[in-house]
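Visitor: Got a structure for you, questions after.
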Amino acid sequence: MNYDVVVIGSGPGGYVAAIRCAQLGLKTAIIEKYNVLGGTCLNVGCIPSKALLDSSEHYHNAAHAFSEHGIELGNLKVNLTQMIKRKGEVVKSNNDGISYLMKKNKIDTYFGLGSFVNKNTIKVTDAEGKEQQIETKKTIIATGSKPTTLPFLPLDKKRIITSTEALSLTEIPKNMIIIGGGVIGLELGSVYARLGAKVQVIEYMDSIIPTMDRALGKELMRILKKSLKFEFFMSHKVTGATNEGEVVKVTAENPKGETVTFEGDYVLVSVGRKPYTEGLGLENAGVQMGERGMIAVNDHLETNVPGIFAIGDVVRGAMLAHKAEEEGVLVAEHIVGQKPHINYNLIPGVVYTWPEVAGVGFTEEQLKEQGRAYKSGSFPFKASGRAKASGDTDGFVKVLADKETDEILGVHMIGPRIADLIAEAVTAMEFRASAEDVARMSHAHPTYAEAMKEACLAATENRALHI
Ligand code: FAD
Ligand code: NAD
């Protein structure tokens, strides 16, 4: 078979790249190692984690918030088997959706490991070892990432686990030790804490979600301690773990240099992810690697070999599904001679805890480091009528704007449903809006979105109306 473009990997980067290539009239094929499409995000990432976050949030609200609303339930209990089954069904319906999109766009799908024979020939080896070769003018590598492991803490995938196993547990942990207070640790820790587990987070840095604006991690930590009884051990260096049957002992060095021991029935290792290129045969095509296992690419996401591109988690930048998707579209449009562009500074980051956390643009720490003159306006959800009505008064919206021009430089939020609200900040910033521009736009009342308007008012000469 001969193609204009072959995409290797069917995650959000790969399948979106394939769709855009097909839309632009290119004869396109996609290769996926596993027998389902959708990659990490759909099968063991974004979607299953959000399904469990939603289910566990329903349970937690039923157990702790419903009575305040005048709803009384007796005999409440968790059916974890059903919860995990539903998660599987959600994943399956999305798998089917992507298969449908491949057919609709006349994209040929190959299941098997894709590897370069040379620059224009890709070998596909299926699960039975059967091989076939396909020819292509251009290739887009979208092979994603795998969890980072710690050399002194080998996984047994039963008690010492990664996010993949944590998405399919058969029992609710009694005491879950989480190594790494980043996005995965806090999201999956929230799932099991809501279902009754005691959760202890051991974090190397002095802040959780340390790459986001520091005010967010501080507020999230306060809320998780209060609402889900999370325990945090900050500035702790994990040194090892021993699995003693049903108990795992984790040792760490505390900030005083003392060795401390933690005991739990499950240990989730969530210390980041690393690019995945195993078995790709990059050397056969002459593709060069960059730093830390990533494939090196230029601004058009082209590797050192003309016609071979790489996108998503396997290249530099945030390891996020929507970043991978934007890159897939960019490469497809670049291949046909268009001039696409991605503003990487405006790719939002979201943590789907409750309350949710989101940020876009520069953090306050980055602005200070740049020595940029800025002003800040905040609005707390406790002053929002909508938040009072739903009982979700934790959190705030913080807007950072240029001191002279009033252009919005960063928006950082923690609060109810702000994973959706951050889109307003992205839109405003893409159009280089000033804080006053947003402050003068009508926001429906009562909504959580009014907090964005009020924070912009606060940044504009301290004009917030409701604080
Ligand atoms: P992947 O989704 O990793 O897909 C790569 C695909 O390539 C895989 O299917 C793999 O099997 C295949 N592949 C690899 N090598 C080969 C080969 N040689 N031949 C054929 N196929 C191959 N991001 C968000 O934006 N929002 C979230 O809410 C979110 N939640 C997450 C929750 C968890 C628990 C995890 C682990 C991640 C989460 N992420 C989230 C991150 C997100 O999943 C990744 O950023 C995203 O999947 C990257 O997409 P990708 O297309 O680059 O690669
Ligand atoms: P992460 O980078 O978000 O967090 C890892 C945390 O582990 C950091 O806080 C880091 O300081 C800490 N850490 C590193 N080494 C440590 C050690 N030895 N001991 C203790 N702590 C240590 O990584 P993650 O949570 O594993 O997630 C991986 C990737 O998946 C992230 O890049 C994230 O963007 C993506 N993801 C995104 C979402 C989302 O968008 N909602 C959800 C899950 C995952």
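The values are calculated or read from the model by the stated rules, or taken from the named source; none is laboratory data. What you see is a predicted model; the values in this text were computed from it and never measured. With ideal geometry, Cβ positions are generated from the backbone for all residues, glycine too; neighbour counts draw on all protein chains shown. What goes into the accessible areas is simple: the full protein's heavy atoms, side chains included, and nothing from ligands, DNA or RNA. Shrake-Rupley method; radii C 1.70, N 1.55, O 1.52, S 1.80 Å.
Visitor: I'd like to compare 11-19, 191-199, 256-264: which one has the highest average count of other Cβ atoms within 10 Å, and what's the full order after that?
Guide: 11-19, 191-199, 256-264
Visitor: Can you list residues whose amide H is under 5 Å from residue 356's amide H, if they're 5+ apart or on another chain and H is modeled 1.01 Å from N?
Guide: The answer is 415, 417, 418.
Visitor: Just grab the label-to-label distance for residue 229 and residue 61, each label 7 Å out from Cα along the Cβ direction, in nm (one decimal).
Guide: 2.3
Visitor: So, with a 1.4 angstrom probe, what is the percent of accessible area on segment 160-271 that is carbon and sulfur?
Guide: Its accessible area is 52 percent carbon and sulfur atoms.
Visitor: Report Rg/Rh for segment 160-271, rounded to two decimals, where Rg is the Cα radius of gyration and Rh the Kirkwood radius.
Guide: Across segment 160-271, the Cα-based Rg/Rh ratio is 0.94.
Visitor: Additional query: Obtain the nm distance between the two label points defined at residue 174 and residue 369 by a simple spin-label model: each point lies 7 Å from its Cα along the Cα-to-C-beta direction.
Guide: Spacing of the two 7 Å Cα→Cβ label points: 4.3 nm.
Visitor: Would you mind working out the accessible area per residue for the chain, using a 1.4 Å probe, and quoting it in Å²?
Guide: Heavy-atom accessible area per residue stands at 46 Å².
Visitor: Then there's this: Using only the Cα atoms, work out Rg/Rh for segment 355-459, with Rh taken as the Kirkwood radius, to two decimals.
Guide: 0.96
Visitor: Taking R0 as 30 Å, what FRET efficiency do you get between residue 103 and residue 133 from their Cβ-Cβ distance, rounded to the nearest 0.05?
Guide: Computed FRET efficiency for residue 103 and residue 133: 0.80.
Visitor: Further question: Hey, if you drop one equal point scatterer on each alpha-carbon of segment 269-345 and run the Debye formula without solvent, what base-10 log of I(q)/I(0) do you get at q = 0.12, 0.26 Å⁻¹?
Guide: -0.34, -1.34
Visitor: Which whole-Hz ³J(HN,Hα) couplings does segment 199-205 yield from phi under the Karplus relation 6.51 cos²θ - 1.76 cosθ + 1.60, θ = phi - 60°, glycine and proline marked x?
Guide: 10, 10, 10, 10, 10, 5, 7
Visitor: What is the set of long-range amide H partners of residue 172 at a cut-off below 5 Å, with H atoms built 1.01 Å from backbone N?
Guide: Here the answer is none, since no amide H 5 or more places off falls under 5 Å of that of residue 172.
Visitor: Moving to a separate point now. Looking at segment 125-188, I'd like the Rg to Rh ratio, where Rg is from alpha-carbon atoms and Rh is Kirkwood's inverse mean 1/r.
Guide: Over the Cα atoms of segment 125-188, Rg/Rh equals 1.15.
Visitor: Return the unpartnered cysteines for the chain, using a Cβ-Cβ cut-off of under 4.7 Å.
Guide: So far as the 4.7 Å Cβ criterion goes, 21, 456 stand without a partner in the chain.
Visitor: Please give the contour-minus-distance gain from residue 146 to residue 407: 0.36 nm per residue of separation, less the Cα-Cα distance, rounded to one decimal in nm.
Guide: Extending this stretch completely gives an extra 90.1 nm.
Visitor: For a quick size check, give me the Cα extents of segment 1-76 along its three principal axes, largest first, whole Å.
Guide: Principal extents (largest minus smallest coordinate, Cα): 64, 24, 13 Å.
Visitor: If the only charges are +1 at each Lys and Arg Cβ and -1 at each Asp and Glu Cβ, what is the size of the charge dipole of the chain around the Cα centre, to the nearest 20 debye?
Guide: In debye, rounded to 20, the chain gives about 460.
Visitor: Follow-up question, since we're still on this one. The chain: D in µm²/s via Stokes-Einstein (Kirkwood Rh, Cα pairs, 37 °C, 0.692 mPa s)?
Guide: Rounded to a whole number, D works out at 137 µm²/s.
Visitor: Here's another thing I want to ask about it. Return the equivalent ellipsoid semi-axes of segment 64-133 as a descending list in whole Å, where each equals the square root of 5 times an eigenvalue of the C-alpha gyration tensor.
Guide: With the √(5λ) rule applied to segment 64-133, the semi-axes are 47, 15, 11 Å.
Visitor: Semi-axes of segment 405-467's equivalent ellipsoid from the Cα gyration tensor, sqrt of 5 times each eigenvalue, largest first, rounded to whole Å?
Guide: Semi-axes from the Cα gyration tensor: 16, 15, 10 Å.
Visitor: Return the long-range amide H neighbours of residue 409 (sequence gap of 5 or more, or a different chain), with a cut-off of under 5 Å between placed amide H atoms.
Guide: 400, 401, 402
Visitor: Give the dimensionless ratio obtained when the Cα radius of gyration of segment 90-197 is divided by 2.2 N^0.38 Å.
Guide: 1.49
Visitor: Could you give the alpha-carbon Rg of segment 255-393 over 2.2 N^0.38 Å, rounded to two decimals?
Guide: 1.48
Visitor: While we're on this one: Could you check the simple spin-label distance between residue 322 and residue 283, using points 7 Å along Cα→Cβ, in nm with one decimal?
Guide: Modelled inter-label distance: 4.0 nm.
Visitor: Based on the Kirkwood radius over alpha-carbon pairs, what is the Stokes-Einstein translational diffusion coefficient of segment 153-217 at 10 °C with 1.306 mPa s viscosity, in µm²/s?
Guide: Diffusion coefficient, whole number: 127 µm²/s.
Visitor: Could you give each residue of segment 440-455 its phi-based ³J(HN,Hα) in whole Hz, using Karplus coefficients 6.51, -1.76, 1.60 with θ = phi - 60°, and x for Gly or Pro?
Guide: Values per residue, Gly and Pro as x: 8, 8, 6, 10, 4, 10, x, 9, 5, 5, 4, 5, 5, 4, 5, 5 Hz.
Visitor: Can you give the relative contact order of the chain as a percent, counting alpha carbon pairs under 8 Å and 6+ residues apart?
Guide: For the chain, the relative contact order is 14 percent.
Visitor: Using a cut-off of 12 Å between alpha-carbon atoms, which aspartates and glutamates can reach residue 237, once sequence neighbours fewer than 8 places away in the same chain are excluded?
Guide: Counting by Cα, and skipping residues close in sequence, residue 237 has these aspartates and glutamates nearby: 203, 206, 253, 258.
Visitor: Give me the mean projected area, in nm² to one decimal, of the convex hull enclosing the Cα positions of segment 311-373.
Guide: 5.9
Visitor: Go through 63, 348, 272 and say which Cα lies farthest out towards the positive end of the charge dipole of the chain; charges sit on Cβ, +1 for Lys and Arg, -1 for Asp and Glu.
Guide: Highest projection toward the positive end goes to 63.
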